[in-house]
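Written below as structure tokens is the structure these notes are about.
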Ligand code: SF4
Ligand code: SF4
């Protein structure tokens, strides 16, 4: 299971998810000012990208912040 999607319709290109991801799964497309999933298979579901201020990041169904807090 991995990060599922980034909603480009609401992503503002702030780069917070890129900075918070510890293993470089997400990259910033600087021309389009959108976050993109670059290495989906490396995602370890840490949930740090859920700090997105626009709520644009979706993890696999069932892997939300409440679940991750309970896990950690
Ligand atoms: S934190 Fe959210 S709004 Fe900012 S670049 Fe990432 S997905 Fe886009
Ligand atoms: S869940 Fe963690 S490892 Fe996966 S994309 Fe988000 S910040 Fe990166």
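Every number in this text was worked out from the coordinates using simple rules, so none of it is lab data. Worth saying up front: this structure is predicted, and the values here are computed from it rather than measured. Glycine also receives a Cβ, built like all others from the backbone with ideal geometry; neighbour counts cover every protein chain displayed.
Using only Cα atoms, what is the ratio of the radius of gyration of the chain to 2.2 N^0.38 Å?
Normalised by 2.2 N^0.38 Å, the Cα Rg of the chain equals 1.01.
Take the Cα of residue 54, step 7 Å along the line toward its Cβ, and report every residue of the range 7-24 whose backbone nitrogen sits under 18 Å from that point.
7-21
Could you work out the relative contact order of the chain, using alpha carbon pairs under 8 angstrom and six or more residues apart, expressed as a whole percent?
The normalised contact order for the chain reaches 39 percent.
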